[in-house]
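Visitor: Before we start, here is the structure in question, set down as structure tokens.
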Amino acid sequence: MDGSRQHLTESESSSTESDSHLESIRIMDFEDSQDSISTNQSTSNTTIDSHRQNPELEIDSDGTYSIASSGNMDEETFCGVGKHKPKHKWHALKAFTQRGLGISSHKTMDTVFNANCYGSLRFVQRLELASKMDCHNGCVNALHFNSSGSRLASGSDDLSIIIWDWSRAEPVLNYDSGHRGNVFQAKFLPLCGDTHIVSCARDGHIRLAELSPSGSFHSTRRLGLHRGPAHKLALLPDTPHVFLTAGEDGVVFEVDVRQSKPNKLLTVKHSERKIALYSISNHPIDTSEFCVGGRDQFVRVYDRRYVSTDVESSLVSKSCPRHLLDSSVRAHVTSAVYNFNGSELLASYNDEDIYSFSSKSVEGADALHRYSGHRNNATVKGVNYYGPRSEFVISGSDCGNIFFWDSSTEAIVQCIPGDENGVVNCLEPHPSIPVLATSGLDDDVKIWTPKCFDEPQLWELKKTVKTNQQEREEERRREPDTISGELLWVLWRHVRRTERRRRQQQQQQQQPQHQRTSSQEGNDENVSSSSDESDVSESDEGPRGVQCAPS
């Protein structure tokens, strides 16, 4: 698609279609919830039937279940599987009745209703693939909804950024990002009209794309430069012209799109060693506070108002699971985010589990929760909360599945196949309705909606968790000189890139001679430009991360 000729349309029809989509979801669950009035009895009967089909299920007196351990696998091995299944806290029939009574204003009742159904276990268990949006020519590393949720931006290894009308599964704008390395993050700035998109990439560049009021592509320009790959950026809703970026050079920039140069806030170090950063997230209420995570086991919290040259003294808090403080397991943070009100931090660790901490915890305090069962090894995976009150924790896995945990009980409540090539990296919840966008090694973007009528049985869950655990243990027992998963990942990427170039050469050979010459000259210019950019962005400081990054 020619991005310069496409138009980004923001009309009332988009929001109307989103509303009608939500209404259809309400009707679906209303019809499905007729048999849920006597919830305790139906849950108990379903669980008993499940036990007859799967004798490994252990039935408790209250109707909940856990999965019995077998062999040498203790219950902690199946942390998410061995937990009690959480009960349904929201029922459509009762919610519809209460909304119809009109206790408060209609607008308030709608807001409460939408929030409750969005964060309900019932809707999470009915998530199903609704559409695949396939227009990229490489791994999709970045996803972001605009503030209204009518548009979705995606960034890819093919160096393009696409704006989607996700409700119709159609691209409305496809433009060249201006980057010369894998696009790792692309987000709408919270400005009027959604005409400004900021991005960061493997080349270390921080770029701004400006769209015309009609939505057509106008231009991109560079705002700043990290001396190494830049994986993540964080928006500041109360100052929409300003955002934060973090890179593998350990630097955190405060970028104002109205100024010519970014402001260097700090360089994250430990004992004079720079920490390569893979993640940055801002507090949802107190936007002066932000957290970073990277190539060590700590999640660090800072306040922009009090950063100084002495980085350690600028720390607000510093969190790490207690068993990883002096552990021989070399785990590091691939992603860290705040919950809905900023009271907790969620961190995903490479080839370890996911942990939540108090955002105000003192150093040495242990994690509040631990979410297990997935595997985070092959790529730099993202992690996120799902639901308006962070009711669930979601993450991709090397096994190709998307895992959902109940945030309070740590139980796995949903596990769905999310990527044909095997790894899900990005998970982006819709800002207001129960819709989820995901991407990974596949070249497409997947949209999930709660349109399935049956609750998941998860018969294969125990086997999946056990396999992930065994692979993790095998990885830890490997000899140091054994080929690492990261090296295999780089080799795999090289094979894909070589195959793509081979296809391009075949296409060029089929072109007439004069077109082939012109195309070759253009390719030479691109290669030269790419080499120049690489020379600027490469850094000799600190370890390099895996190429594919989270949203």
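Visitor: Set the Förster radius R0 to 30 Å, insert the Cβ-Cβ distance between Asp454 and Arg478 as r into 1/(1 + (r/R0)^6), and round the FRET efficiency to 0.05.
Guide: Between Asp454 and Arg478 the formula returns 0.15.
Visitor: Can you divide the C-alpha Rg of the stretch 164-293 by 2.2 N^0.38 Å and report the result to two decimal places?
Guide: Numbers: Rg = 15.0 Å, N = 130, 2.2 N^0.38 = 14.0 Å.
After normalising by residue count via 2.2 N^0.38 Å, the value is 1.07.
Visitor: Ignoring ligands, DNA and RNA, what percent of the accessible area of the stretch 329-376 is carbon or sulfur (1.4 Å)? Could the numbers behind the result be given before it?
Guide: On the way: 730 of 1490 Å².
For the stretch 329-376, the apolar C and S fraction of the accessible surface comes to 49 percent.
Visitor: Next question. So which of Lys360/Lys381; Lys187/Lys274; Lys381/Lys446; Lys187/Lys232; Lys87/Lys466 end up more than 19 Å apart by C-alpha?
Guide: Lys360/Lys381; Lys187/Lys274; Lys87/Lys466
Visitor: Right, next: Quick one: Karplus J couplings for the stretch 195-202, per residue in order, coefficients 6.51, -1.76, 1.60, θ = phi - 60°, nearest Hz, x for Gly and Pro?
Guide: Working through the residues one at a time gives 9, 10, 10, 9, 8, 9, 7, 5 Hz.
Visitor: Still on this structure, please answer the following. Do any trypsin sites (Lys or Arg not before Pro) in the stretch 142-190 lie in a loop, going by DSSP, with at most 12 other beta-carbon atoms within 10 Å of their beta carbon, and if so which?
Guide: Arg168
Visitor: Could you give the length gained by full extension between Lys269 and Arg389, i.e. 0.36 nm per residue of separation minus their alpha carbon distance, to one decimal place?
Guide: 39.9 nm
Visitor: What number comes out for accessible area per residue over the stretch 131-270 if the probe is 1.4 Å? Units Å², please. Kindly include the intermediate steps, with their values, before the conclusion.
Guide: Working: 4280 Å² over 140 residues.
Spelled out: the 1.4 Å probe surface of the stretch 131-270, per residue, equals 31 Å².
Visitor: What is the extension gain from Asp134 to Ser308, computed as 0.36 nm multiplied by their sequence separation minus the C-alpha to C-alpha distance, in nm to one decimal?
Guide: Fully extending the segment from Asp134 to Ser308 adds 58.1 nm.
Visitor: Put Ser260, Ser279 in order of accessible area, largest first, 1.4 Å probe: what do you get?
Guide: Correct descending sequence by accessible area is Ser260, Ser279.
Visitor: Would you pull out the residues with amide H under 5 Å of Leu266's amide H, same chain only if 5 or more places away, H placed 1.01 Å from N?
Guide: Val252
Visitor: Rounded to the nearest 0.05, what FRET efficiency do Arg502 and Glu471 have when you use their Cβ-Cβ distance and R0 = 30 Å? Spell out each step's value before the answer.
Guide: Numbers: r = 32 Å, r/R0 = 1.06.
Efficiency for this residue pair is about 0.40.
Visitor: Provide the net charge surrounding Val257, with neighbours chosen by a C-beta distance below 12 Å and charges set as Lys +1, Arg +1, Asp -1, Glu -1.
Guide: Numbers: positive: Arg207, Arg221, Arg222, Arg258, Lys261; negative: Glu210, Glu254, Asp256.
Charge balance in the 12 Å sphere: +2.
Visitor: Just to be sure I understand the model, the point goes 7 Å from the Cα along the line to the Cβ. What's the resulting Leu325 to Cys192 distance in nm?
Guide: 5.2 nm
Visitor: Apply 1/(1 + (r/R0)^6) to the Cβ-Cβ distance of Arg221 and Gln509, taking R0 = 45 Å, and write down the FRET efficiency to the nearest 0.05.
Guide: Once the sixth-power term is evaluated, E becomes 0.80.
Visitor: Given the protein chains as shown and a 1.4 Å probe, how many square angstrom of Asp310 are accessible, to the nearest 10?
Guide: 80 Å²
Visitor: Count the net charge of all other residues whose Cβ sits under 15 Å from the Cβ of Val424, scoring Lys and Arg as +1 and Asp and Glu as -1.
Guide: Charge balance near Val424 sits at -3.
The values are calculated or read from the model by the stated rules, or taken from the named source; none is laboratory data. This structure is a prediction, so every number in the text was calculated from the model and none was measured. In this analysis, Cβ positions are derived from the backbone assuming ideal geometry, glycine residues included, and neighbour counts consider all displayed protein chains. In case anyone asks, the SASA skips ligands and DNA or RNA and just uses the protein heavy atoms, side chains included. Shrake-Rupley method; radii C 1.70, N 1.55, O 1.52, S 1.80 Å.
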